[in-house]
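So the structure is just underneath, and the comments pick up after that.
The values are calculated or read from the model by the stated rules, or taken from the named source; none is laboratory data. Keep in mind the model is a prediction, meaning the values are calculated, not measured. Here the Cβ positions follow ideal geometry from the backbone for every residue, glycine too, while neighbour counts run over all protein chains shown. Note: accessible area is taken over every heavy atom of the protein model, side chains too, but ligands, DNA and RNA are not part of it. Shrake-Rupley method; radii C 1.70, N 1.55, O 1.52, S 1.80 Å.
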Amino acid sequence: MQSFDISLIRICGFVVLTSVMILGAVSDGDAQPRRKVGFISGITRTDQLPTPELRDARKRMVKNQRISYRQLQVLADRGDSLAALLVAKQLYQKPELAKDSLHYFTMAAAAGRSGAIKPLVALVRKIQPEPANQKRLAAAEAALRAHAARGDEAAFEGLMSAYRSGTPFENSPAKYAEFRANAAHRGNATAALEEAISLISTSGMTTKRNEIEAYLVVAERSSDLKTQSVAGALRRKLASAAATETPKSGDMNE
């Protein structure tokens, strides 16, 4: 009996020890910042920085303590997305530095910071699509597409507006059609309405009636009242057109 009790104690001790080791491993893993799919990681921990000065500067930045602009810029240039966002916000106040602001907002957005999206969209609308700006605009576009793919409405609307206007991104007309169709298929109400309108303008009310109605049903679920109203009006018009084309029973025998 005593031998059995000792064995049982040993087994229980082993189970507890194993559980502690597993929990420790999970805890250590959770302590690491989780990388968002589709975004770059960059500097996410203070111990990733090479010098005591930079580590101290980052600690003060994270604690919202005083830090010079130069220190912020060095941290941003090393890939710290929080520093990039803070630098971009300072530059954003100076219109003559719009290109530099675009660069740092793009860095922050590319690391997954949604707070960079609205000012980034605003800057994209202002930057001229000159050859010297194409590289930065392409990076901004990639960051916005990554956020739009994760459901960020501001990023989606910004891209739709840019593609629709044909500037500043390269090959905007072709991208607009593709982006709109993909978004509509995923259930985006704005894209669904635009896709329905596009089909009506190119094919009429009857040629692709089922496809048009499917898009309008999605659009009617929008939280935007204007989108709901337009989609509802088009569905009624679609139904009216279908009723007009349906042969009457008496006509079938003539």
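Between the alpha-carbon centers of the range 41-61 and the range 189-221, tell me the distance in whole angstrom.
51 Å
What accessible area, in Å² to the nearest ten, does a 1.4 Å probe give for residue 229?
70 Å²
If I compute solvent accessible area with a 1.4 Å probe over the protein chains, what percent of it on the range 136-254 is carbon and sulfur?
Values: 3290 of 6520 Å².
Summing carbon and sulfur atoms, their accessible area is 50 percent of the total for the range 136-254.
Which lysines have a Cα lying under 21 Å from the Cα of residue 226, excluding residues fewer than 8 positions away in the same chain?
Result set, ordered by chain and number: 237.
Determine the per residue accessible area of the range 115-178 with all protein chains present and a 1.4 angstrom probe, expressed in square angstrom. Can you show the working numbers first?
Details: 3160 Å² over 64 residues.
So the range 115-178 comes to 49 Å² accessible per residue, rounded to a whole number.
How far apart, in nm, are two points set 7 Å out from the Cα along the Cα-to-Cβ line at residue 161 and at residue 70?
Rounded to a tenth, the inter-label distance reads 3.8 nm.
Out of the total accessible area of the range 36-122 (probe 1.4 Å, heavy atoms of protein only), what percent is carbon and sulfur?
So the carbon and sulfur contribution to the accessible surface is 51 percent.
May I have the count of lysine pairs in the range 76-225 with C-alpha atoms under 26 Å apart, counting pairs 8 or more residues apart or located on different chains?
For the range 76-225, the number of qualifying lysine pairs is 18.
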